[in-house]
Amino acid sequence: MSELAMTNDEIIMRYRQAKDKSEQVKILAELNDCPVERIIGILVASGEDNRKFNHLRGQLKKEETQKEQVEVHKEQSEAEQSKTEKVPKAVIAAVEDIAIAEGSQWMGFSCAQGKVWYVNLELDDISCKHRIRDVYKALGIEPKNLSNIDIWNLRGRAVPMDKLAPSMIRRAKQKGYSAIIIDPIYKVITGDE
């Protein structure tokens, strides 16, 4: 057993001087960095009636059960939150790009490997490339097929979809893309996303 910060006599004296005996046992255990049962053992050895501590033991057991229930609830809440936590749409789009380029999973679905055309309407060229690389790193995927992602940067040059679509269709046919991801889509459409 490790040595306590207080002597047994000091523990006994402080216990006997306290008005709230149960609370004092907990305080003594905390001060001495030891389990409550060890303090109770010292007090019983000094002549205190062991039955006096039954209520305290019951209270401690109840508190422990409540702590365990809170922990379980917290773990469940964190798991649920991670499922529903708001992830930026741009990150979801980048994950989708990578899943298609690498032929991996996206939101629980297997993706066939292919070329992806990522139409970037938001970030500058360097930031967009960094985002893709950062998402690869966060996913723990080695960018073996990064060349399968073509980025078309149109930041500041967004035009309505009816004007953009004809040139996109021509280019998509020439390049043989498996998917075209437009991020963010609201920049080229009217109405709701």
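The values are calculated or read from the model by the stated rules, or taken from the named source; none is laboratory data. Quantities reported herein were computed from a predicted structural model and do not represent experimental measurements. Note that each Cβ is placed from the backbone with ideal geometry, even for glycine, and that neighbours are counted across all protein chains shown. Please note that ligands, DNA and RNA were not included when accessible areas were found on the heavy atoms of the full protein model with its side chains. Shrake-Rupley method; radii C 1.70, N 1.55, O 1.52, S 1.80 Å.
Worth a mention:
Conditions tested, residue by residue: (1) open to solvent by 30 Å² or more (accessible area, probe 1.4 Å); (2) under 15 Å from Gln113 (Cα atoms); (3) out of contact with any helix residue (DSSP H, G or I) (no Cβ under 6 Å at 6 or more places or on another chain); (4) among the hydroxyl-bearing types (Ser, Thr, Tyr).
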site: Val135; (1), (2), (3), (4): no, no, no, no
site: Leu139; (1), (2), (3), (4): yes, no, yes, no
site: Ser147; (1), (2), (3), (4): yes, yes, yes, yes
site: Trp152; (1), (2), (3), (4): yes, no, yes, no
site: Gly156; (1), (2), (3), (4): yes, no, yes, no
site: Val159; (1), (2), (3), (4): yes, no, yes, no
site: Leu164; (1), (2), (3), (4): no, no, yes, no
site: Met168; (1), (2), (3), (4): no, no, yes, no
site: Arg171; (1), (2), (3), (4): yes, no, yes, no
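- Residue match in the range 108-116 (condition: modelled with pLDDT of 85 or more, in a helix (DSSP H, G or I) and open to solvent by 50 Å² or more (accessible area, probe 1.4 Å)): no
- Total residues in the range 84-124, condition free of Cβ contacts under 8 Å to residues at least 40 places away in the same chain and of a type in the set (A, V, I, L, M): 5
- Of the residues screened, Lys129 is not one that is within 15 Å of Ala179 (Cα to Cα), open to solvent by 50 Å² or more (accessible area, probe 1.4 Å) and charged (D, E, K, R).
- Residue match in the range 10-19 (condition: under 22 Å from Glu64 (Cβ atoms) and either loosely packed, with under 11 Cβ neighbours inside 10 Å or aliphatic (A, V, I, L, M) (or both)): no
- Restricting attention to the range 85-140, the residues being among the polar types (S, T, N, Q) and touching an Asp or Glu at 6+ places or on another chain (Cβ under 7 Å) number 2.
- Residue in the range 125-146 that is nearest to Asp97 (Cα to Cα), counting only those that are assigned to a helix (DSSP H, G or I) and more than 25 Å from the chain's Cα centre (by Cα): Leu146
- Residue list for the range 158-193, filter: basic (Lys, Arg) and closer than 22 Å to Pro88 by Cα: Lys187
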